[in-house]
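Following this message is one structure expressed as structure tokens.
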Amino acid sequence: MSKSLNLFLPALGGTALLLGGAYGFMSRDYGAKTIESLEIRVEQSTASAASAVESARAAEAEIERLAAERDELQVIAAAGGGLTQPAPVAEAVYGLGREALPEEIAAWDVDVLPDGRGLPVGSGDVWTGEEIFVAQCASCHGDFAEGSGNWPVLAGGFGTLADEDPVKTIGSYWPYLSTSWDYINRSMPFGAAGTLSADDTYAIVAYILYSNDLIDDDFVLSNETFMDVEMPNADGFVLDDRADSEYTVWRTEPCMADCKDSVEITMHASVVDVTPEEEGEEEAAVETEAAPAGDADVVEAAVDPALIDAGKGVFRQCQACHEVGADATNRTGPHLNALLGRTIGSVDGFRYSNVFGAAQDAGDVWTTEALEAFLTDPRGAMSGTKMAYRGLSDPADIEAVLAYIESIGAE
Ligand code: HEC
Ligand code: HEC
């Protein structure tokens, strides 16, 4: 704290000296003003110095706190040694993590391999094993490992592997003894996994072997005698070499190039009729000939495929409510077949709004102009309509959609 204050005080003294000097060689008036403004500045400087001192104090307190924390952690680290030693600086660019310590690896490295590698030093005999088994395992696996209820059977089942319902036990099925040791040590008793000591496990495995008639009752199982035990089904598992030994007999490599001597075209898809033509196109063609000669608009629209195509795109906005074409039925809105010249609100079986009902009563018909007005602003043109649609703002869209409706909706 004191350090930062020392830095500040001489600066304040300097300002005062400057003040005195300035007074000496200036006229009174000018001097008075200058003094006034300098005094204000001194006041300001003093205020900001005070607040700087304040934050310097806070910073210093924080430094002290962190230093204390660091010292404390160093003491803990020194006392703990081993696992709590600080992480070595990593060489890699990212500087993440550190190499695992031997103790850490050992804590994870608990597996036991078929050749006995990984077995801890220890031993257990059959009768010790029986005691532990009866106390900790028999409730589920039976007193003699014969199984109880639906819990797994651990003994017997010899000669059943080829049956429809084989009894697979440690004796009849398991090829390696290491699996029994490893599995029991890690996961049994069910619900209390990890509670068995190495000696307990050796004893239990010895008892299970005895229950399977694979060792005599005076056998002591240990990390040294482990490999003496012969497992009946040790040769029952083979490496799957079918990819080499069998597949090649049945199949050959598929041909990927020049697989036929000569290639001829025998038929075209259009002739075979794999792709049926679109209904709309056919009707458009018919329409061109059948359209009443008097209505120039319709004929023009029908003969311009690009316009009809554009109209089909616009009609997607109407499709949710309207159908048009040979199979068109009323949906949310009435079908739109033969729309031009049709009496407004006249489709059978469709329940129109009152405004449409009135138009029908008056005998009004849909002209191009009326449709343009309605589709531009449905609610403006037919106040009270139940067509919940905002309308089409682009006249080109209206022209196109009407052309499309006419092209496929003519009866
Ligand atoms: C509460 C019931 C229960 C107890 C107690 C119990 N187990 Fe198990 N055991 C099971 C169940 C359930 C399985 C099947 C687990 C699975 O398939 O995931 C099993 C599976 C096994 C297997 C593998 C069987 C196989 O063929 O797949 C062995 C070996 C085994 N237990 C041994 C023991 C030993 C040894 C003990 C005593 C230390 C023990 N169990 C205690 C319920 C129990
Ligand atoms: C949300 C549903 C909905 C959408 C979308 C919609 N309409 Fe309608 N339309 C209706 C309903 C409902 C009516 C009946 C109006 C009434 O009775 O007030 C109607 C009526 C009409 C009528 C009058 C039919 C007749 O029999 O008098 C035409 C023409 C029409 N719509 C064209 C279109 C076109 C073209 C589009 C797309 C650009 C469209 N509509 C979009 C629901 C919809």
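We did not get these values from a lab; they are worked out from the coordinates using the rules stated. Keep in mind the model is a prediction, meaning the values are calculated, not measured. All Cβ positions, even for glycine, are placed from backbone atoms using ideal geometry, and neighbour counts span all protein chains on display.
Tell me, what is a quarter of the convex hull surface for the C-alpha atoms of the stretch 118-228, in nm² with one decimal?
Projected over every direction and averaged, the Cα hull of the stretch 118-228 covers 6.7 nm².
Something else about it: Over the stretch 118-228, what is the relative contact order in percent, taking alpha-carbon pairs closer than 8 angstrom and at least six residues apart?
It comes to 38 percent, rounded to a whole number.
How would you rank 108-117, 258-267, 396-405, highest first, on the average number of other Cβ atoms within 10 Å across their residues?
Those peptides, ordered most packed to least, come out 396-405, 108-117, 258-267.
So how do 206-214, 239-247, 316-324 stack up, highest first, on mean other-Cβ count within 10 Å?
206-214, 316-324, 239-247
Taking neighbour counts of Cβ atoms within 10 Å as a proxy for exposure, in what order, fewest first, do 204, 184 appear?
Ranked by crowding around the Cβ, least crowded first: 184, 204.
If you count, for each residue, the other Cβ atoms within 10 Å and average over each peptide, how do 96-106, 155-165, 130-140 line up from highest to lowest? Intermediate results must be reported in sequence, preceding the final value.
Numbers: 96-106: 10.3, 155-165: 13.0, 130-140: 17.4.
Ranked by mean Cβ neighbours within 10 Å, highest first: 130-140, 155-165, 96-106.
What residues qualify as long-range amide H neighbours of residue 148, i.e. H under 5 Å apart, gap of 5 or more or another chain, H built at 1.01 Å from N?
For residue 148, the qualifying residues are 142.
Where the only charges are on Cβ atoms (+1 Lys, Arg; -1 Asp, Glu), what is the dipole of the stretch 117-229 about its Cα centre, to the nearest 20 debye?
Approximately 520 debye in magnitude.
Based on the alpha-carbon set only, what is the convex hull volume of the stretch 352-410 divided per residue, in Å³?
Measuring per residue, one finds 90 Å³ for the Cα hull of the stretch 352-410.
Give me D for the stretch 313-411 in µm² s⁻¹, whole number, from Stokes-Einstein with Rh from the Kirkwood sum over alpha-carbon pairs, 4 °C and 1.567 mPa s.
96
When the dipole is taken about the Cα centre of the stretch 172-234, and only Lys, Arg (+1) and Asp, Glu (-1) are charged at their Cβ, what size is it in debye, to the nearest 20?
Details: 1 positive and 10 negative charges, 82 e Å.
So the dipole magnitude of the stretch 172-234 works out to roughly 400 debye.
If you don't mind, there's one more thing I want to ask. If you add up the charges near residue 110, with Lys and Arg at +1 and Asp and Glu at -1, over every other residue whose beta carbon is less than 11 angstrom from its beta carbon, what do you get?
Around residue 110, the surrounding residues sum to -2.
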